[in-house]
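Heads up: the structure comes next, in structure tokens.
The values are calculated or read from the model by the stated rules, or taken from the named source; none is laboratory data. Keep in mind that this is a model prediction, so the values were computed, not measured. Here the Cβ is made from the backbone with ideal geometry for all residues, glycine too, and neighbour counts use every protein chain on show. Each accessible area value is taken on the protein alone, full model and side chains, heavy atoms only, with ligands, DNA and RNA left out. Shrake-Rupley method; radii C 1.70, N 1.55, O 1.52, S 1.80 Å.
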Amino acid sequence: MSQATAGNNPAFTARQGWGLFGLLALALLLWLFLSVWPEWLVAAIGPKKPFVNAVFNGVTVAGLYFLVASGFTLVFGLMRNVNLAHGSLYLLGAYIGYTVAQATGYWILGIAAGMLSMALAGVALQVFVFRRLEGNDLRQTLVTIGISIVAADLMLAVWGGNTYQFAIPEWLDGAIATPIITAVKSNGDLVYMKYPFYRLMVFVAAVVIGVALWLVLNRTRIGMMIRAGVDDRGMLQASGVNVQLVFAAVFAIGAGLAGFAGVVGGSVLSVAPGEDVRYLLASLVVVIVGGMGSVTGAAIGALLVGLAEQIGLVYFPTYGAVLTFVIMVVVLAVRPQGLMGAAR
């Protein structure tokens with residue numbers, strides 16, 4: 001009995017240690033955000049407002065990256081289909097959404113058009129490309145690269161090289177006050193930070209979609225069929241399930257999320273040529289860091305990449321873009337399957 005107790009003590013102590021570390025980190029984070037910074041801290045890392053803005057921007061950009069990468073992790077991470085045209089789905093969904101929103105005057109119709117059109121494009125890709133190239137990763141890679149190049153040229157021909165910006169609804173526009181103190185006036189009054197309401201809603205949408213995806217994949221019959229179809233397609237087909245229909249539905253969801261992210265991201269930032277490559281690379285890094293096939297890993301990876309990118313732009317503008325790839329290299333060196341990925 002004493003040996004068993006002694007054997008359990010180290011593990012229990014380790015859990016306590018990690019719990020204490022987490023509480024201290026949370027306390028430090030709250031102090032950094034809610035308190036007035038002392039002079040020595042301002043001298044060390046600069047004013048508080050750029051730091052807080054960088055963190056907020058990093059979290060909201062992470063939400064956008066997750067919206068794109070969540071669809072990518074379904075197709076690439078879960079089903080092992082190499083779809084390097086995923087970034088094109090993002091940009092094409094944004095262009096279509098912008099055109100519909102401008103023609104109708106309703107931003108929500110732009111979201112619906114971008115999402116539904118890309119869902120149909122995802123089904124077409126699964127039926128006419130991936131179903132025919134099943135099990136041949138190299139051909140999938142080359143064909144989808146070709147599709148992305150052709151799609152980029154077609155989008156450039158139709159929409160030109162201009163930069164477009166969505167007009168979001170009035171109820172989403174404007175900034176809201178936060179409890180974060182950014183400065184103290186000479187008369188002693190506190191200055192509180194304001195942040196765009198729409199960016200916060202993007203993050204909330206990413207959280208809701210992430211939770212919904214996790215529940216569908218891990219707590220529903222559909223999720224069980226998807227995972228079973230990837231692991232043992234023959235057995236699932238023998239049980240009477242239409243495997244190809246399940247896979248087409250997964251592609252529709254993944255591509256639809258890319259189209260949704262295109263309209264939402266175009267409303268936060270802009271819609272312009274080259275955004276397809278940017279979000280494809282971001283999705284690849286997020287999935288690799290988080291672990292293939294893991295929605296939770298995609299969320300963690302997106303948060304790390306988003307924070308590294310935005311904080312790097314503030315404090316290391318010359319090398320900011322390198323930080324995301326440094327994170328990827330470190331994760332691959334320590335845990336090759338990703339932070340939340342399963343070893344295979």
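Under a Cβ-Cβ cut-off of 12 Å, what is the net charge of the residues other than Ala62 that fall near it, where Lys and Arg count +1 and Asp and Glu count -1?
Here the count lands on 0.
In a shell of Cβ-Cβ distance under 10 Å around Ala183, excluding Ala183 itself, what net charge do Lys and Arg (+1) and Asp and Glu (-1) give?
+2
Report Phe21's accessible area, 1.4 Å probe, all protein chains in place, as a number in Å² to the nearest 10.
130
In segment 84-128, what chymotrypsin sites (Phe, Trp or Tyr not before Pro) fall in a loop by DSSP, with at most 10 other Cβ atoms inside 10 Å?
Counting only loop positions with at most 10 other Cβ atoms within 10 Å, none of the chymotrypsin sites (Phe, Trp or Tyr not before Pro) in segment 84-128 qualifies.
With P(r) over Cα pairs in 10 Å bins from 0, in percent defined as stated, name the option among (i) 5, 22, 27, 19, 11, 6, 3, 3, 2, 1, 0, 0; (ii) 6, 28, 36, 22, 7, 1, 0; (iii) 5, 21, 30, 23, 13, 5, 1, 0 computed from the structure displayed.
(iii)
Summing -39500 (n - 2.57) over the DSSP H runs of n ≥ 4 in the chain and dividing by its residue number, what mean residue ellipticity at 222 nm do you reach, to the nearest 500 deg cm²/dmol?
Result for the chain, helices only: -24000 deg cm²/dmol.
Over the chain, what relative contact order in percent results from Cα pairs under 8 Å that are six or more residues apart?
31
Normalised by the number of residues in segment 241-344, what is the relative contact order in percent for Cα pairs under 8 Å and 6+ residues apart?
Relative contact order here is 25 percent.
Please identify the trypsin sites (Lys or Arg not before Pro) of segment 136-203 that satisfy two criteria: DSSP loop assignment and at most 13 other Cβ atoms within 10 Å. Which are they?
Those that pass, being in a loop and sparsely packed, are Lys185.
Tell me which residues come under 5 Å, amide H to amide H, from Leu339 once H is placed; ignore anything under 5 positions away on its chain.
Residues meeting the criterion, in which the H sits 1.01 Å from N, are Gly290, Gly291.
Could you calculate the contour length gain from Leu172 to Leu23, that is, 0.36 nm times the residue separation minus the distance between their Cα atoms, to one decimal place in nm?
Difference between extended and current length: 50.2 nm.
Expressed as a whole percentage, what fraction of the accessible surface of segment 64-213 belongs to carbon and sulfur atoms when a 1.4 Å probe is rolled over the protein heavy atoms?
In segment 64-213, the share of accessible area belonging to carbon and sulfur is 68 percent.
If I ignore ligands, DNA and RNA and count only protein heavy atoms, how much of Leu20 is accessible to a 1.4 Å probe, in Å² to the nearest 10?
Probe radius 1.4 Å; accessible area of Leu20 about 100 Å².
So what is the accessible area of segment 115-213 per residue, in Å², with the probe set to 1.4 Å?
Accessible area per residue, segment 115-213: 61 Å².
With all protein chains present and a 1.4 Å probe, how do Val330, Val55 order by accessible area, largest first?
I get Val330, Val55, largest accessible area first.
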